[in-house]
Amino acid sequence: MSPRTIQVSPFDLVVFGGTGDLAARKLLPALFQRDRAGQLPEQARIIGVSRKALGDGGYLRFVRQALEAHVKPAELEGAALERFLARVHFCAVDVTGDGGWSELATLLSEDVAQVRTFYFAVSPDLFAPISQRIGRFGLVTPESRVVLEKPLGKDGEGARVVNEAVGRVFGEHQIFRIDHYLGKETVQNLMALRFANRLFEPLWNSTHIDHIQITVAEDLGVGERGGYYDTSGALRDMVQNHILQLLCLTAMEPPDAFEADAVRDEKLKILKALRRIDDHTAEAATVRGQYRKGSVGGQPTQGYLEDLAAEESETETFVAIRAEIANWRWAGVPFYLRTGKRLAARTSEIVVNFRPISHSIFDHTAGRISQNRLIIRLQPDEGMTLEVMIKDPGPGGMRLRRIPLDMSFVETFGVSNPDAYERLLMDVIRGNQTLFMRHDEVAAAWNWIDPILSAWKHTAQRIHPYPAGAWGPSASIALIERDGRTWLEDTE
Ligand code: NAP
């Protein structure tokens, strides 16, 4: 069954950073795919903005190349491509000055009633100057929205400054702080699984769940982004946003409705209930790592310092954390979080490990009874696996084994899921903020991250090297094994 496509309202989408990597790899292909699916109305326009004096013609060439590079050739049929290109415009503006803004204002004035979206796909240092000029040039209409890309600050104070600058021009109901993980099919399915089934919610607490693991592993290194990455590190780049969002959706109480503020209120409570990790507890609760040369997928790869062309760096490319949520539902249930670059595989998953059964009626000949596990996979193959114990088929007596009840969304539904940006961009146009972060969520996430960052600094916490292609340093294995548990791949 093909999904229903409902057209969104007519819109102008202004992409600041329209010639950047994010625009080329994600935003333009996502918009093209939605256009191909018939979701963009005839009047929809996409306006790229950057400093280069490209003109409409030069920008059209950029867009065409971006689509050729990032959309499957079979999907780039002539008519769809030409229709999409006809929507594209360009405006040369250096957002740190006043030049070019009047031209942008004129272009936008062609239809002031339609939805107007400003997408900030530029460095966060530019968020304040852009917002200020959008305000000064009178570009905000009642139907305006602004999309802020991560990172939102480098710490709580940085995020506060950005939120304040943008908040002077846009109302909170107009601000869409994007975390593309929330646009993934599986993430939304996590909510369906929890709140549209009788089965799981009664078990979703410390009485029945032993612990939860959240892994976001990349096999790639820092590549061209080394300069940026070295000022950030895994904790800021992945944990502060993606991993904490996954943790919130896994752990939150049922919201009273699937609506933006109801969902965000519940996520906020989880962020506030995270037990603080500080100078006294960071060494025991966190592990920092940095990749060295090794081999990923059979290919030799160099280490982080060589990727960076630097002699030394204090930046972690891996982090593992034992987190705790101090509330009634989760008391005593550890959440083990980890993320890193140049790990053994590219995989993101949430693993819910249930407690052992309270009493076994089977004798030792039946074999070991493994704990039930629910694995929610975000990538590479979005889906879910519920591991249950069954009797090994055959006449050989009662022998038990754990089997996976496996569901791959692609295999089950026969369609590949749209990229997260496709869904999120359409949500922005529709004005639906459910899958976007509110300012207080961002602040609460930093409130938990900041003390870890400062503990690492004060205590000069060691960075453990790990060979590229491993699952991080051995200290990460020790972190979980101290509690008598193992990471998922170590139990296979
Ligand atoms: P990028 O490739 O360096 O692109 C930056 C864009 O900003 C270019 O279009 C550049 O065009 C424009 N720009 C820079 N200074 C400007 C100015 N003063 N006035 C107007 N335009 C200006 O960066 P990116 O990788 O696309 O990343 C953009 C933002 O998204 C960053 O905050 C990044 O952290 C975030 N992000 C990126 C990704 C990704 O996959 N790339 C993923 C998540 C988040 P000109 O040089 O022509 O002005």
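The values are calculated or read from the model by the stated rules, or taken from the named source; none is laboratory data. Remember, it's a predicted structure, so these values are computed and weren't measured experimentally. Please note: Cβ atoms are built from the backbone with ideal geometry, for glycine as well, and neighbour counts cover all protein chains shown.
Of everything in segment 110-164 that is more than 20 Å from Val428 (Cα to Cα) and aliphatic (A, V, I, L, M), the residue that is nearest to the ligand (Cβ to nearest atom) is Leu126. The set of residues in segment 9-34 being of a type in the set (Lys, Arg) and within 11 Å of the ligand (Cβ to nearest atom) consists of Arg25, Lys26. Residues that are assigned to a loop (DSSP other than H, G, I, E, B) and more than 18 Å from the chain's Cα centre (by Cα) were ranked within segment 222-270; the one that is farthest from the ligand (Cβ to nearest atom) is Asp256. Would you check if Thr365 is in a helix (DSSP H, G or I), out of contact with any Leu (no Cβ under 8 Å at 6 or more places or on another chain), in the same structural domain as Thr250 (by TED's automatic domain parsing) and among the polar types (S, T, N, Q)? Judged against the criteria, Thr365 is a match. So is Ala470 among the small types (Gly, Ala, Ser) and farther than 16 Å from Ile270 by Cα or not? Judged against the criteria, Ala470 is a match. The combined condition, being more than 16 Å from the ligand (Cβ to nearest atom), in the same structural domain as Arg430 (by TED's automatic domain parsing) and touching a residue at least 12 places away in the same chain (Cβ under 8 Å), is fulfilled by Gln188. Looking at this structure, is Arg482 without any contact (Cβ under 8 Å) to a residue 24 or more places away in the chain and not assigned by TED's automatic domain parsing to the domain that holds Lys26? Yes: the conditions hold for Arg482. Just so you know, in segment 35-47 the residues that are touching a Pro at 6+ places or on another chain (Cβ under 7 Å) and closer than 18 Å to Glu422 by Cβ include one that is nearest to the ligand (Cβ to nearest atom), and it is Ala44.
Please find, among Ala251, Ala273, the residue that is more than 15 Å from Val216 (Cα to Cα), surrounded by 23 or more Cβ atoms within 10 Å (Cβ to Cβ) and at pLDDT 95 or above. Write out each step before concluding.
Working: Ala273 fails: surrounded by 23 or more Cβ atoms within 10 Å (Cβ to Cβ).
Selected residue: Ala251, the only one of Ala251, Ala273 that is more than 15 Å from Val216 (Cα to Cα), surrounded by 23 or more Cβ atoms within 10 Å (Cβ to Cβ) and at pLDDT 95 or above.
Can you pull out the residues in segment 115-135 that are surrounded by 18 or more Cβ atoms within 10 Å (Cβ to Cβ) and not in a helix (DSSP H, G or I)? Spell out the reasoning first.
Going residue by residue through segment 115-135, those that are surrounded by 18 or more Cβ atoms within 10 Å (Cβ to Cβ) are 115-122, 124, 127, 130-131, 133-134.
Within segment 115-135, Val115, Arg116, Thr117, Phe118, Tyr119, Phe120, Ala121, Val122 meet the criteria.
Inside segment 297-312, can you point out the residues that are surrounded by 17 or more Cβ atoms within 10 Å (Cβ to Cβ) and either farther than 20 Å from Tyr229 by Cα or of a type in the set (Gly, Ala, Ser) (or both)? Gly303, the sole residue that qualifies. The set of residues from segment 72-109 being within 16 Å of the ligand (Cβ to nearest atom), assigned to a loop (DSSP other than H, G, I, E, B) and hydrophobic (A, V, I, L, M, F, W, C) comprises Val93, Val95.
Please verify whether segment 329-343 includes one or more residues that are touching a Lys or Arg at 6+ places or on another chain (Cβ under 7 Å), closer than 16 Å to Leu488 by Cα and assigned by TED's automatic domain parsing to the domain that holds Glu266.
Taking segment 329-343 first, the residues touching a Lys or Arg at 6+ places or on another chain (Cβ under 7 Å) are 334, 336.
Checking the rest, the ones that are also closer than 16 Å to Leu488 by Cα come to 334, 336.
If we keep only those that are assigned by TED's automatic domain parsing to the domain that holds Glu266 as well, we get 334, 336.
The answer is yes, given that some residue of segment 329-343 is touching a Lys or Arg at 6+ places or on another chain (Cβ under 7 Å), closer than 16 Å to Leu488 by Cα and assigned by TED's automatic domain parsing to the domain that holds Glu266.
Of the residues in segment 315-332, how many are farther than 17 Å from Arg485 by Cα and either polar (S, T, N, Q) or surrounded by 13 or more Cβ atoms within 10 Å (Cβ to Cβ) (or both)? First the steps, then the outcome.
Kept after step one, since they are farther than 17 Å from Arg485 by Cα, are these residues of segment 315-332: 315-319, 325-331.
Now restrict to residues that are either polar (S, T, N, Q) or surrounded by 13 or more Cβ atoms within 10 Å (Cβ to Cβ) (or both): 315-319, 325, 327, 329-330.
Looking only at that region, the number is 9.
Of everything listed in (1) part of a loop (DSSP other than H, G, I, E, B); (2) assigned by TED's automatic domain parsing to the domain that holds Glu316; (3) over 22 Å from Leu378 (Cβ atoms), the single unmet condition for Asp219 is (3).
Residues are listed down the side, and each one gets a yes or a no for (1) assigned to a helix (DSSP H, G or I); (2) under 26 Å from the mean Cα position of the chain (by Cα); (3) modelled with pLDDT of 95 or more:
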site	(1), (2), (3)
Trp446	yes, yes, yes
Leu453	yes, yes, yes
His464	no, yes, yes
Ala470	no, yes, yes
Ala475	yes, yes, yes
Ile480	yes, yes, yes
Asp483	no, no, yes
Asp490	yes, yes, no
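Taking segment 305-328 only, how many residues are of a type in the set (A, V, I, L, M) and within 14 Å of Tyr466 (Cβ to Cβ)? Result for segment 305-328: 3. Here Arg64, Arg51, Arg87 are screened, and the one residue that is touching a strand residue (DSSP E or B) at 6+ places or on another chain (Cβ under 8 Å) and surrounded by fewer than 18 Cβ atoms within 10 Å (Cβ to Cβ) is Arg51. Residues in segment 205-232 that are touching a helix residue (DSSP H, G or I) at 6+ places or on another chain (Cβ under 8 Å), surrounded by 17 or more Cβ atoms within 10 Å (Cβ to Cβ) and not acidic (Asp, Glu): Ile209, Ile212, Gln213, Ile214, Thr215, Val216, Gly221, Val222, Gly226, Tyr229.
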